[in-house]
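The values are calculated or read from the model by the stated rules, or taken from the named source; none is laboratory data. Here the structure is a predicted model, which means the values were calculated and not measured. Cβ: placed from backbone, ideal geometry, glycine included. Neighbour counts: every protein chain shown.
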Amino acid sequence: MAEPISLWFEAALLPEGWSNHVRLSLADGLICAVKSSTPRAPGEPNHGIAIPGLCNLHSHAFQRGMAGLAETSGPGGDDFWSWREVMYRFLDRLQPEDVQAIAALAYVEMLESGFTRVGEFHYLHHGPDGIPYDGRAQMAEAIVEAAQESGIALTLLCCFYAHSDFGAQPPKPSQRRFINSLDGFAELFAQSSSALRGLADANIGIAPHSLRAVTPEELSQLLLLSSTAPLHIHAAEQIREVEASRAYLGASPVHWLIDHAGVDGRWCLVHATHMTPSEVIALARSKAVAGLCPQTEANLGDGIFPARDYLGAGGRFGLGTDSNILIDAATELRGIDYAQRLNLRRRNMLAQGASSGRTLFDAALTGGAQALGVPGSGLAVGASADIVALDAADVAITARRGDPVLDGWIYAGRSTPIRSVWRRGRRVVTKGRHVARTQIARRYRKILPRLMS
Ligand SMILES: [Zn+2]
């Protein structure tokens, strides 16, 4: 066992609440002791204010490479579907080394912004011709390498994609890199599981892409692959998808999944934007997590998640950066709340007598961990030492203590007050920058011109 290291903080958000003058002792990547109200030793560094790292439950890392490239108006008007065509053209060129370079940069940005684990919803599996690589999980291995380089914890959400639309429509040529048979997917899932073996804290989930891309029969086969893995699916992101689901399956995606797929605490329904009031209640009662991706949902014009009613019914949610148009945990948290405020013309509706920032942070912390199938114990003895340190002197949080620190970070910072991040006890961000940012950004700049040409 390695010699424990100690970190002293002016304040820390512990599972039981805020404490002042906290020393966390770390050994072998875990928190081995937590001591509150303890003075700083002479010469001991003051690391500021500690909060637990968040889970980013929904990312398509490669899309970071095309962020900002779909912001020009097209001739027929733009929506999610026209954005998707731009995305398909971009991904057509990607080789495993490109995916690794883009994902590593995305993961660096996640760590710098307060995420210490990513749920990578991975569907770009095959070569540009649609033929599986010799090692079927070669693209997954590129994701694993990117996680290793950056130090972020990885939940690989292995995606099954078979059809272009409801009614088992054949896939389009632009989707050929995603497509697997059930047998091919079982092989991919096994090989991807093997690829994760050397990566600390990694786990794997099953991700039927959507009810557009997976038939009910295929879904029931996929559920036989594991009785414990997290289950993630895109659902009800678009009105057109909801209407097609009603036409083909006789119910909207959320309604159909709850009635037919045994949705429970293992599930994450990503987006779940368009729900009827009864679906809101049913999803909340199912104990599944709604995977909210407010920046992407705003960028794509998806719609507004009914957060007030859903949280009022006891619903669980976590945060995702999805298309990675902009990677920032505080912006995602603020985005959930501001959409409600603009829509309902009221303030602080999600908090019910408490701080909005604290309410959102706590919910995202526990919901994100649940959705990725990991313990969400925060800064506690036995937990992975995934610690985010805020600069107590930052102008957005100075002179604040307790929940207003989170409100300052989430609502009032122009730049992030995050100074340091430890992931499994290793300091991966210092002075606000990831320790490998320079090399990873240099490689990213090198590969991008070819992908843009
Ligand atoms: Zn997505």
Considering only residues that are more than 24 Å from Ala389 (Cα to Cα) and in contact with a Ser or Thr (Cβ under 7 Å, 6 or more places away or on another chain), look in the range 99-127 and name the one that is farthest from the ligand (Cβ to nearest atom).
Glu120
Within the range 53-93, count every residue that is crowded, with 16+ Cβ neighbours inside 10 Å, over 17 Å from Ala104 (Cα atoms) and within 13 Å of the ligand (Cβ to nearest atom).
3
Residues in the range 240-250: is at least one in contact with a helix residue (DSSP H, G or I) (Cβ under 7 Å, 6 or more places away or on another chain), within 24 Å of Val374 (Cα to Cα) and not hydroxyl-bearing (Ser, Thr, Tyr)?
no
Do you know which residues across the range 236-253 are within 16 Å of the ligand (Cβ to nearest atom) and at positive phi?
Ala236
Selection count, the range 264-307, where residues are hydrophobic (A, V, I, L, M, F, W, C), away from the ligand (no atom under 16 Å from the Cβ) and in a helix (DSSP H, G or I):
6
Starting from the range 193-222, keep only residues that are closer than 20 Å to Asp165 by Cβ, then list their pairs with residues that are of a type in the set (Gly, Ala, Ser) and not in a loop (DSSP other than H, G, I, E, B) whose Cβ atoms are within a distance under 6 Å, requiring at least 6 positions of separation or different chains.
Leu211/Ser245
Any residue in the range 50-64 that is among the hydroxyl-bearing types (Ser, Thr, Tyr) and over 30 Å from Asp98 (Cα atoms)?
no
Every pair of residues 6+ apart whose Cβ atoms lie under 8 Å, when the first sits in the range 430-452 and is free of Cβ contacts under 8 Å to residues at least 12 places away in the same chain and crowded, with 16+ Cβ neighbours inside 10 Å while the second is hydrophobic (A, V, I, L, M, F, W, C) and outside any helix (DSSP H, G or I):
Val435/Val428; Val435/Val429
Return the pair list, or none, for Cβ contacts closer than 9 Å from residues in the range 387-410 that are among the hydroxyl-bearing types (Ser, Thr, Tyr) to residues that are surrounded by fewer than 24 Cβ atoms within 10 Å (Cβ to Cβ), at least 6 apart or on different chains.
Thr398/Asp391; Thr398/Ala392; Thr398/Gly408
Taking the criterion of being of a type outside the set (S, T, N, Q), farther than 25 Å from Leu365 by Cβ and surrounded by 17 or more Cβ atoms within 10 Å (Cβ to Cβ), would at least one residue in the range 266-277 satisfy it?
yes
Does Pro75 fit the bill of being at pLDDT 95 or above and not β-branched (Val, Ile, Thr)?
no
Can you report the number of residues in the range 298-328 which are modelled with pLDDT under 95 and buried (at least 20 other Cβ atoms within 10 Å of the Cβ)?
2
Out of Ala137, Ala168, Ala104, Ala142, I need the residue that is buried (at least 24 other Cβ atoms within 10 Å of the Cβ), touching a residue at least 12 places away in the same chain (Cβ under 8 Å) and over 22 Å from Gln439 (Cα atoms). Which one?
Ala137
So, of the residues in the range 308-333 that are under 23 Å from Arg346 (Cα atoms) and in a loop (DSSP other than H, G, I, E, B), which turns out to be nearest to the ligand (Cβ to nearest atom)?
Gly315
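Every residue, every condition in (1) assigned to a loop (DSSP other than H, G, I, E, B); (2) more than 16 Å from the ligand (Cβ to nearest atom); (3) among the β-branched types (Val, Ile, Thr), yes or no:
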residue: Glu187; (1), (2), (3): no, yes, no
residue: Gly205; (1), (2), (3): no, no, no
residue: Leu224; (1), (2), (3): yes, yes, no
residue: His234; (1), (2), (3): no, no, no
residue: His255; (1), (2), (3): no, yes, no
For the range 345-359, indicate whether the set of residues that are surrounded by fewer than 18 Cβ atoms within 10 Å (Cβ to Cβ) and closer than 18 Å to His271 by Cα is non-empty.
no
Restricting to the range 334-360, and then to whatever is of a type in the set (A, V, I, L, M) and either under 12 Å from the mean Cα position of the chain (by Cα) or assigned to a loop (DSSP other than H, G, I, E, B) (or both), can you tell me which residue is farthest from the ligand (Cβ to nearest atom)?
Ala354
Going by the structure shown, is Leu156 hydrophobic (A, V, I, L, M, F, W, C), surrounded by fewer than 22 Cβ atoms within 10 Å (Cβ to Cβ) and in contact with a helix residue (DSSP H, G or I) (Cβ under 7 Å, 6 or more places away or on another chain)?
no
